[in-house]
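For reference, the structure is listed below as structure tokens.
The values are calculated or read from the model by the stated rules, or taken from the named source; none is laboratory data. Here the structure is a predicted model, which means the values were calculated and not measured. Note that each Cβ is placed from the backbone with ideal geometry, even for glycine, and that neighbours are counted across all protein chains shown.
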Amino acid sequence: MNDFDLVRKNLFRRKLRAILMIVSILVAFMIFGVLAGFYRAFTSGEDRAAADRLITVNKINFTQPMPIAYFNRVRAVEGVRQVTYANWFGGYYQDPKNFLMALAIDPASYFDVYSRDFDIAPEALQTFVRERTSAVVGEKLAQKWGWKVGDRIPIGSNIFSQKSGGTSWDVTIAGIVRGKTAEIDTNFLLFQFAYFDETRSFGKDTIGWLVLQTRSPSDNDRVAKVVDAMFANSSAETSTDTEKAFGKAFAAQFGNIALIVVLVVGAAFVTILMIVGNTMALTIRERTREIGVLKTLGFSGARILRLVLGESILLALLGGIPGLVIAALVTMALRTSLANVAPSFAVSPDIALMGIGLMVALGVITGIIPALNAMRLKIAAALGRG
């Protein structure tokens, strides 16, 4: 019988207790996997943000509009290579439950600024620029609804209405937009700002935000200060920051996801840590005489230490790995319903590796004190206990 057999048999000596411990750890790591996957998906845009792109929004809040006249003024600022603008539409398809990430944009400048992120056929872009009521859709969104080039679809808005009183805009799909990397989200619909602006019932000649592409990331700070100073003391003062900072601010509107993950996972882990640590200490105390016998038979203190630590680490792995597997299955089941909020929702390989590292750490932390006590235990004292 080798050491692993000893560890396994000792762990399952009291099967009910072992199973309950494994289930507790499984639940903890299932929570960790799901929340970490959601956090990673929700903040993935921050990692893909371009270093040379800035976002200008209304200083009050990014939901407040700015005059479209800002576009030409910002474009003239030294150090700015290109500028585009967009307006949030609050879109849906057929039913308000079918949320769409729909933006009203300036076609030519938008795809110039985002040329490193998206692929669109030149003829499709030409059609989009030329035809006022056209739109382009991301590949994932097109696949979801079975849309193809040439389809005419109605997109509703839960924010805006038309001058005629309706809340639906009819657009014709001019092309499909693909991401240049697998991580880029393509769950969106883009249509012409000019069409949107001339038909909406309020907010005419205003935009939601500007996207500036600077000539170099080293120009970012200077350009941001110049732009904000340009509109200081106006009716719509601005706040300009990097694309990554804007992404963080946008995510913060939904709450501090990182803090939620830390608190929930931390609470689960502390609870499990105390339970497992107490159980391991009790288990070793129950086997005090057996440890004395093992030492009598020639087992060294270091070997006893490895056996006890191995038992606690094996317990953490037996509970943690299935927990991560279940978390992966949960994220797969929820990915479609959360596609608009967290498109890349999954237990990624780095999350899995982090989880395994935490399992080992959990095993070491909960087992180290009982293991050290077992290693230092004197044979006479161990055999003398009843």
**Prompt:** Applying the selection to the range 278-306, what residues are farther than 15 Å from GLY367 by Cα, among the hydrophobic types (A, V, I, L, M, F, W, C) and assigned to a helix (DSSP H, G or I)?
**Reply:** ILE291, VAL293, LEU294
**Request:** Only residues in the range 222-241 that are touching a residue at least 24 places away in the same chain (Cβ under 8 Å) count as the first member; pair them with residues that are part of a helix (DSSP H, G or I) and of a type outside the set (Gly, Ala, Ser), Cβ under 7 angstrom, at least 6 apart or cross-chain, and list the lot.
**Result:** VAL227/VAL74; MET230/ARG73; PHE231/TYR70; THR238/VAL227; THR238/ASP228; SER239/ASP228; THR240/VAL227; THR240/ASP228
**Prompt:** Mind checking which pairs have a first residue in the range 328-350 that is within 17 Å of VAL27 (Cβ to Cβ) and aliphatic (A, V, I, L, M) and a second that is modelled with pLDDT of 75 or more and assigned to a loop (DSSP other than H, G, I, E, B), Cβ under 6 Å, 6 or more apart or different chains?
**Reply:** ALA328/VAL347
**Request:** Tell me which of these TRP169 doesn't satisfy, since it passes every other one: (1) free of Cβ contacts under 8 Å to residues at least 24 places away in the same chain; (2) in contact with a strand residue (DSSP E or B) (Cβ under 6 Å, 6 or more places away or on another chain).
**Result:** (1)
**Message:** When you scan the range 82-92, do you find a residue that is buried (at least 20 other Cβ atoms within 10 Å of the Cβ) and in a loop (DSSP other than H, G, I, E, B), even just one?
**Reply:** yes
**Asked** Among the residues of the range 190-217, how many are over 19 Å from PHE62 (Cα atoms) and in contact with a helix residue (DSSP H, G or I) (Cβ under 6 Å, 6 or more places away or on another chain)?
**Response** 1
**Prompt:** Any idea which of GLY292, GLY298 is out of contact with any Pro (no Cβ under 9 Å at 6 or more places or on another chain), at pLDDT 80 or above and either of a type outside the set (Val, Ile, Thr) or loosely packed, with under 12 Cβ neighbours inside 10 Å (or both)?
**Reply:** GLY298
**Message:** Quick test for you: out of ASP228, ASP221, pick the one residue that is out of contact with any strand residue (DSSP E or B) (no Cβ under 6 Å at 6 or more places or on another chain) and either under 19 Å from THR84 (Cβ atoms) or part of a helix (DSSP H, G or I) (or both).
**Reply:** ASP221
